[in-house]
Amino acid sequence: MDRDFLIRLTNNLYQLTLLFPKKEPLRYKMRELADDVLANFLRIKAHSNPSLKSAENISQLLEDLEVLDSFFVISKEQNWVLSSKLFPIQEEYSKIKEYAEGLNQEGLFRLSLSTNQEEKEVALEQGKI
């Protein structure tokens, strides 16, 4: 997954939402979330090591993807577009969510390892080990 893929996906979502009714708020909310997903994904990719900041970005990305997925469900139920046009885009966002969940687990694992290391160092300094 790279920048160009996400830009194309965001663009595809924009094209899809053109088929929604013009004054439908969901049209603009989905676009805004797609923009946020793109921005957070790029921020995460910019961090070479997991940190508190990238963990916050991952958390926000996962939250945005969950909301976006719910908006896809609403869009399907409204029959504004054919499911065959909606499903592939929704599926790609699901793949991003899976990727982000993997990053989240990896980051939490690394964070817990670094915390344990810090605790060990403090214990060594205090002569507890």
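Exactly one residue out of Ile89, Ile44, Ile129 is hydrophobic (A, V, I, L, M, F, W, C), at pLDDT below 95 and surrounded by 12 or more Cβ atoms within 10 Å (Cβ to Cβ), and it is Ile44. Residues that are among the charged types (D, E, K, R) and either over 19 Å from Tyr28 (Cβ atoms) or loosely packed, with under 13 Cβ neighbours inside 10 Å (or both) within segment 53-65 comprise Lys53, Glu56, listed in sequence order.
Restricting attention to segment 106-118, does a residue exist that is at pLDDT 75 or above, in a helix (DSSP H, G or I), surrounded by 14 or more Cβ atoms within 10 Å (Cβ to Cβ) and within 17 Å of the chain's Cα centre (by Cα)?
Applying the first criterion (at pLDDT 75 or above) to segment 106-118 yields none.
No: segment 106-118 contains no residue that is at pLDDT 75 or above, in a helix (DSSP H, G or I), surrounded by 14 or more Cβ atoms within 10 Å (Cβ to Cβ) and within 17 Å of the chain's Cα centre (by Cα).
Tell me which residues, restricted to segment 28-87, are charged (D, E, K, R) and in contact (Cβ under 8 Å) with a residue 60 or more places away in the chain. Hit for segment 28-87 is Lys85, nothing else.
Within segment 15-30, the residues that satisfy the criterion of being farther than 13 Å from Gln90 by Cα and part of a helix (DSSP H, G or I) are Gln15, Pro25, Leu26, Arg27, Tyr28, Lys29.
The values are calculated or read from the model by the stated rules, or taken from the named source; none is laboratory data. Small disclaimer: the values here were computed from a predicted structure and weren't measured. Glycine also receives a Cβ, built like all others from the backbone with ideal geometry; neighbour counts cover every protein chain displayed.
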